[in-house]
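Below is one structure, written out as structure tokens; comments come after it.
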């Protein structure tokens, strides 16, 4: 809960500054005291409390002023009654945008300090409901999505997030290190009248484009494959993947090839990259990009990603940039605001859960890499943390490791009553209003030897089937309970159980394309026979 | 995906030889890793053997591309080089042409190279010789066939064509749908 408080503070400070600029003479003495007094650990808390109180008072004055009432604290904001809300929804009473904005601001203020500002007799949920409805109305979201996104953030931050979605993100390009060096490329583009700058300390290949006299996607340098137009956020999963020269890497959903070509460049055209995309039309653009950027170690194929351990296994690293709702890239594709429903989210998270298991199973655990990176351009929890948490529960030999990225917020460890595995704090989230890049999520998983897998018996499979059927994001609230049941469900005949366990292990290995020795294969066949007869 | 037949190999090699001449040997006998030519759905791919072996496990309908695509066979059995072969050609080309900055865009739009745009050309390039076209800062832009020998170009008027356009990197944008 403490993050809520800190955010209020953050929000309060700028408001206070604004107020101070507006009327510099009103409280000079207080200001002096604030700025001149030495800050010590002992008086810090008291000072900050005083600051907060002052900020709140000033913000109130500010808001009242904006409302044109100027009455200070008396000018109470009135929440529309339930009937009014209903009428508004049906379109009976048209609301002007200015009024809407004002009302949103008031709601944010009230929710910021509910005890102080709420009208007597109105509940917090009424304010929240009104605010969500207004957000949906003002920014043009459907109400379901507005609520979903609103719930991710503290109130004031949510508004920032929605605001940021209205603004375009900066254009970034990635130098193709197979063809050019960043300095040379930057010079060549500057000569063409492009205004650019390195994207930040965290990337050695990124350039941010401020303005350009020529179309940045059709310069001779672009056509010659010296750079790729690529959002800054899509550098991150590849950086987390850390592909090494000579490895076998799979990119499960790769079109249009920005990440694939980055992987290939990091591997310096050695080893092999399998670039897969389920959509055959999109593989055309992918192939064109792969060739344009001079990646010779790429095999482009078009499978449903869920077929993967069957097509081929034994990969050192797998990048799964899963198909998602795109709630992180609303600034690019505003269609998301209205065309996503509950069903879309359930279907997508179901697909993502299947894909992440396939990705994990495609790994060769004996490899020194054995890394899966899961990423989405979505900010919702059921497409991100829940999916990773699900994978952690389903594949006990997998664990989360730090992404190696310098910035980004920690992933949620608990959300709306669901408690995730504690290591989910190692995942990283990126937001448009914080990092000025698309909303993004990156998790890096290390795959260990599956031999460590405990025999869990029947209950495990039932659970798996159940979840595969409804695809609902199940929280790991029964982390320990589930394992306790396993003993009960074990077969009476101990010898029988042994055989089954062994055959399952064999089946798993085979499933992942790991060849069994002839003798073992015979065993497996016999065991499989035993399995069937059961 | 299958190896080329005798006839196909001949068609491909004669096209390549037009650009790389005797360097064709280096394409086949490589020092670093053994490479091979593979045909997949009319298209010819130049690919390292290790990559090819892995790509075998991808089913034919699902395989889109592997390694470098050199070009495609037309329905009449003629072989046509694609712009994707530029890397391979550029590495071993015997004759090269550099064009001036003001000639870059016209060439990238699919036009022939006029003499006015010619910056440099390899000495003693014969007539109808395959050449790789570079910009003045040594970025490969495409390839074509000379209209005149180096000696004869000196006498030409500025608007005369010196290199016939065959493929340029602009095709990545213009022909994205048909290229693959």
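The values are calculated or read from the model by the stated rules, or taken from the named source; none is laboratory data. What you see is a predicted model, and the numbers here were worked out from it, not measured in a lab. Glycine also receives a Cβ, built like all others from the backbone with ideal geometry; neighbour counts cover every protein chain displayed.
Applying the condition of being part of a helix (DSSP H, G or I) and surrounded by fewer than 24 Cβ atoms within 10 Å (Cβ to Cβ) to segment A:222-232 and asking which residue is farthest from the other protein chains (Cβ to nearest Cβ) yields A:222. Checked against the criterion of being buried (at least 16 other Cβ atoms within 10 Å of the Cβ), outside the structural domain of residue A:313 (by TED's automatic domain parsing) and touching a residue at least 40 places away in the same chain (Cβ under 8 Å), the candidates A:185, A:250, A:189, A:196 yield just one match: A:185. Looking across segment A:111-132, the residues that are outside any loop (DSSP other than H, G, I, E, B) and farther than 20 Å from residue A:147 by Cβ come down to A:115, A:116, A:117. Screening A:330, A:338, A:263 for residues that are closer than 30 Å to residue A:143 by Cα, buried (at least 24 other Cβ atoms within 10 Å of the Cβ) and more than 10 Å from chain B (Cβ to nearest Cβ) leaves exactly one candidate, A:330. Per the conditions (1) free of Cβ contacts under 8 Å to residues at least 60 places away in the same chain; (2) under 17 Å from residue A:438 (Cβ atoms), the sole criterion not satisfied by residue A:337 is (1). Note on segment A:269-285: residues that are in a loop (DSSP other than H, G, I, E, B) and either surrounded by 24 or more Cβ atoms within 10 Å (Cβ to Cβ) or at pLDDT 95 or above (or both) amount to 1.
Okay, residues lined up against (1) touching a strand residue (DSSP E or B) at 6+ places or on another chain (Cβ under 9 Å); (2) over 18 Å from residue A:368 (Cβ atoms):
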residue: A:240; (1), (2): yes, no
residue: A:243; (1), (2): yes, no
residue: A:247; (1), (2): yes, no
residue: A:261; (1), (2): yes, yes
residue: A:264; (1), (2): yes, yes
residue: A:267; (1), (2): yes, no
residue: A:271; (1), (2): yes, no
residue: A:274; (1), (2): yes, yes
residue: A:279; (1), (2): no, yes
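The criterion of at least 2 residues that are within 9 Å of chain A (Cβ to nearest Cβ) and within 27 Å of residue B:72 (Cβ to Cβ) is met by the following helices (runs of 4 or more DSSP H) wholly inside segment B:127-180: B:171-174, B:176-179.
Taken together, B:6, B:104 contain a single residue that is crowded, with 16+ Cβ neighbours inside 10 Å and either within 13 Å of chain A (Cβ to nearest Cβ) or over 24 Å from residue B:176 (Cβ atoms) (or both), which is B:104. Considering the conditions (1) in contact (Cβ under 8 Å) with a residue 24 or more places away in the chain; (2) within 30 Å of residue A:338 (Cα to Cα); (3) part of a loop (DSSP other than H, G, I, E, B), residue A:180 is excluded by exactly one of them, (2). For segment B:57-81, a tally of residues being within 12 Å of chain A (Cβ to nearest Cβ), in contact with a strand residue (DSSP E or B) (Cβ under 7 Å, 6 or more places away or on another chain) and assigned to a loop (DSSP other than H, G, I, E, B) returns 2.
Against the criterion of being over 18 Å from residue B:21 (Cα atoms) and within 9 Å of chain A (Cβ to nearest Cβ), residue B:118 does not qualify. Criterion applied to A:362, A:302 was being within 14 Å of chain B (Cβ to nearest Cβ), touching a helix residue (DSSP H, G or I) at 6+ places or on another chain (Cβ under 7 Å) and within 23 Å of residue A:399 (Cα to Cα), and the one residue passing it is A:362.
Within segment B:21-30, one or more residues are modelled with pLDDT under 95 and within 14 Å of chain A (Cβ to nearest Cβ).
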